[in-house]
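As structure tokens, the structure follows; a few thoughts come after it.
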Amino acid sequence: MALSCTKQDCTVGATGTCLLLNKPAESCPHVIVSNKQAEQLEGVESPAANTTAEMEEIGRTFFSGFELGTSDAAEIMRSSYGTLIAVLGQYDVGKTCFLASLYLMTACRQIGDELAFAGSMTLNGFEARARRLRRWKEGTLPKQLVDHTVLPDPRAPALLHLALRERAADRTRFDLLITDLPGEWSTDLVKDASTAGRFSFLKRADGIVITLDGPMLTGPERHAAVQNAKLLVSRLADTLDLDRSVPLVLMVTKCDELGMQMPSIVGSVAQHAKNAGFCPRVIPIAAISRTPAEVSSGTGVMDVIEHILGRNPIWTPPKSQVVGVQKGRNFARIRG
Amino acid sequence: MESATAKISSVVLIGGPDSGKSNYIFRLWLAISKGDGYICANGLPDHLDYLQTGSQSLLKAEFAQHTPHDVMSEDIIPFKITANGVVRAGKLIVPDCYGERWMSIFRKREWSKEWEERISEPCGVMMFVRASSNQIVSPLDWIQCERMWGFPVGNGAQQELVPPTQVVMTDWLQFLGKAFSRRISDGIRPKIALVVSAWDRVPQDRQAVGPSSYIADEFPLLAQFVQSNDDVFDFCAFGVTIAGGDFDQEPGFKEKSLAQDDPLSGGYVVHELGGGPRPRKI
């Protein structure tokens, strides 16, 4: 018997635990019980279509296109600096939606006049996420970022790659490496310091995004959500002892449902982050708007990226918080 | 004086099904063999069967049909170029294969040793897309995306991803970038022609702004990639119509073409080598 879930970030198939805490997990209305051993992988065509190609000797194999492991990312960084952005947050707060929106804005040429798409080693991965086709698979989820990905691999904690390039000036290229992590990783980190090891890559991060569910911060669950967010910040500061000069964004999602009004309670999370030594920036977003007539999809998404890249003209970093690449913060050191 | 050391010039044609690669090769052979252009045939190719069959179809005002899956043709056309009294000779090697083969390369993320050897030689690339082809998969837009995200995820069965054409074409270019990496690191910008075939099918107002603008409108992701990597590749966009009309769809065009001395005399290329779009008869 295999379990899967229609909830996007639920990993019941991997962990056996229902994110909505239904016991047994099969009793959850979102859970699907199946005897199917393996689902067809996206993008892999039927063998019959390729009989000629299969008979030939392989001359070169390319990146899988869905995700990058740490080894894959290191290969990119051998030729250029990779800007590593960690997107953290609990289940169903909008992390994947943010990735989908960033991709769609780029593909639709809506990232402003100064930047343009310059490449991606994970175009299929972005496409699949934007179409909600890339979900966590059954089986045991890796406890670390995967090292290397190949085509048949299911979705696993890994990185997505998006290269942007300035259209003018010195035409600087930015190779963004953005994490795609299950919500459980953030939940587990709050609950259990012993899981901090899987976040060792954060030592190399150029930006950290804590994703907060905007509507939740205005409802009855707001106090619990804020406490969770504060604990996550504390883990980053105390348990992981992250470099406080790394840009920290408190990304408030689904703000289209709030008329782009910032929930006032976010201020307490920002203050907590300041007290921990960070210089947080609160950015409301509407990644994929439910009310596009009033709030455009993609609102705020590029503000997050521009802030981390230090390109946001509104934001002037204090001298003490200028982001630099510290000696020894190379990617290879934190792998594995 | 004929150069004895002329390099073999290889051109790789890339494109999905119905992108116009084969018809282009047949028209190219007719143009080269006619001998009144810049590039002329320098004797006959050893193997003419494939070229001759296809070009015969065109001369009957019929487009070549879909390339069969068992066809992997490598046409070697000896050519010479005369300029300022100097003759340069070489061999134009133009491989052709069915478009699904290129889709398979995209999906399986690998190509054969045979392709690798071909790509490893100095070569240029022509990447085809046919205007108004029903094989073109449109990019995802906000309306589709907002609809997909407005409902819970489906019943758990994961559907197969059908990638938009611009994603496939961009990945092909990234594959080539990998394969050409040594040449690129040596400061060489491999030439890539972006060919919009069936240019006559592009609406008149959009023809006026040229193939680059057409590509930018239809395939914005690809167009940005081209813009951002113009120091890596030597890109140029072309609009090509081998007959100037559609033998199959345009009423009376086939009959009108056959009534002329050359049924393909209406064909032309739109290039932007001098800046704006300029037509050139072929």
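The values are calculated or read from the model by the stated rules, or taken from the named source; none is laboratory data. Treat the numbers as computed from the prediction; the structure is a model and nothing was measured. Please note: Cβ atoms are built from the backbone with ideal geometry, for glycine as well, and neighbour counts cover all protein chains shown. To get the accessible areas, we keep the full protein, side chains included, count just its heavy atoms, and leave off ligands, DNA and RNA. Shrake-Rupley method; radii C 1.70, N 1.55, O 1.52, S 1.80 Å.
Quick notes on this structure:
- Some residue of the stretch B:46-58 being over 18 Å from B:Leu13 (Cα atoms) and either under 17 Å from the mean Cα position of the chain (by Cα) or buried (at least 18 other Cβ atoms within 10 Å of the Cβ) (or both): yes
- Search result, residues across the stretch A:74-118 that are part of a helix (DSSP H, G or I), within 12 Å of chain B (Cβ to nearest Cβ) and open to solvent by 10 Å² or more (accessible area, probe 1.4 Å): A:Glu75, A:Ile76, A:Arg78, A:Ser79, A:Cys97, A:Met105
- Residues in the stretch B:94-113 that are in a strand (DSSP E or B), closer than 22 Å to B:Gln65 by Cα and either open to solvent by 30 Å² or more (accessible area, probe 1.4 Å) or hydrophobic (A, V, I, L, M, F, W, C) (or both): 2 in all.
- From the options B:Trp142, B:Trp111, residue that is in contact (Cβ under 8 Å) with a residue 40 or more places away in the chain, farther than 30 Å from B:Ser265 by Cα, within 14 Å of chain A (Cβ to nearest Cβ) and of a type in the set (A, V, I, L, M, F, W, C): B:Trp111
- Hits in the stretch A:256-288 (condition: part of a loop (DSSP other than H, G, I, E, B), away from every other protein chain (no Cβ under 14 Å) and buried (at least 22 other Cβ atoms within 10 Å of the Cβ)): A:Pro263, A:Phe278
- Single unsatisfied condition, B:Glu117 versus (1) farther than 22 Å from B:Ile192 by Cβ; (2) of a type in the set (Asp, Glu); (3) in a helix (DSSP H, G or I): (1)
- Of the residues making up the stretch A:164-182, those that are at the interface with chain B (Cβ under 9 Å from one of its Cβ atoms) and either surrounded by 23 or more Cβ atoms within 10 Å (Cβ to Cβ) or at positive phi (or both) are A:Leu164, A:Arg171.
- Picking from residues in the stretch A:215-243 that are surrounded by fewer than 16 Cβ atoms within 10 Å (Cβ to Cβ) and of a type in the set (D, E, K, R), the one that is nearest to A:Phe201 (Cα to Cα) is A:Asp241.
- Residue match in the stretch B:241-251 (condition: assigned to a helix (DSSP H, G or I) and either at pLDDT 95 or above or surrounded by 14 or more Cβ atoms within 10 Å (Cβ to Cβ) (or both)): no
- Here A:Ser296 meets the list (1) away from chain B (no Cβ under 14 Å); (2) closer than 28 Å to A:Arg131 by Cα almost entirely, failing just condition (1).
- Any hit, the stretch B:81-89, residues being over 30 Å from B:Ile32 (Cα atoms) and surrounded by fewer than 19 Cβ atoms within 10 Å (Cβ to Cβ): no
- Tally of residues being within 11 Å of chain B (Cβ to nearest Cβ) and surrounded by 15 or more Cβ atoms within 10 Å (Cβ to Cβ) across the stretch A:54-73: 8
- Residue in the stretch A:183-208 that is surrounded by the most Cβ atoms within 10 Å (Cβ to Cβ), counting only those that are charged (D, E, K, R) and within 21 Å of A:Leu250 (Cα to Cα): A:Arg204
- First in the stretch A:174-203 and without any contact (Cβ under 8 Å) to a residue 12 or more places away in the chain, second anywhere and among the β-branched types (Val, Ile, Thr), Cβ under 6 Å, 6 or more apart: A:Asp188/A:Thr195
- Of the candidates B:Ser104, B:Ser73, the single residue that is within 26 Å of B:Ser257 (Cβ to Cβ) and touching a helix residue (DSSP H, G or I) at 6+ places or on another chain (Cβ under 8 Å) is B:Ser73.
- Every residue from the stretch B:61-80 that is open to solvent by 30 Å² or more (accessible area, probe 1.4 Å) and either part of a strand (DSSP E or B) or touching a Lys or Arg at 6+ places or on another chain (Cβ under 9 Å) (or both): B:Glu62, B:His69, B:Met72, B:Glu74, B:Ile76, B:Lys80
- Selection of helices (runs of 4 or more DSSP H) fully inside the stretch B:160-235 by the criterion of at least 3 residues being open to solvent by 10 Å² or more (accessible area, probe 1.4 Å) and more than 24 Å from B:Ser120 (Cα to Cα) returns B:204-207, B:211-218, B:220-228.
- A:Thr140, sole failed condition from (1) more than 8 Å from every other protein chain (Cβ to nearest Cβ); (2) modelled with pLDDT of 85 or more: (2)
- Residues in the stretch B:218-236 that are facing chain A (nearest Cβ under 8 Å) and either among the aromatic types (Phe, Trp, Tyr) or at positive phi (or both): B:Phe225 only.
- B:Lys91 of a type in the set (Lys, Arg) and without any contact (Cβ under 8 Å) to a residue 24 or more places away in the chain: no
- Taking the listed residues B:Gly99, B:Gly124, B:Gly150, the one that is within 14 Å of chain A (Cβ to nearest Cβ), within 15 Å of the chain's Cα centre (by Cα) and not charged (D, E, K, R) is B:Gly99, with no other qualifying.
- In the stretch A:119-134, the qualifying residues are those that are of a type in the set (Lys, Arg) and open to solvent by less than 10 Å² (accessible area, probe 1.4 Å), and the one that is nearest to the other protein chains (Cβ to nearest Cβ) is A:Arg134.
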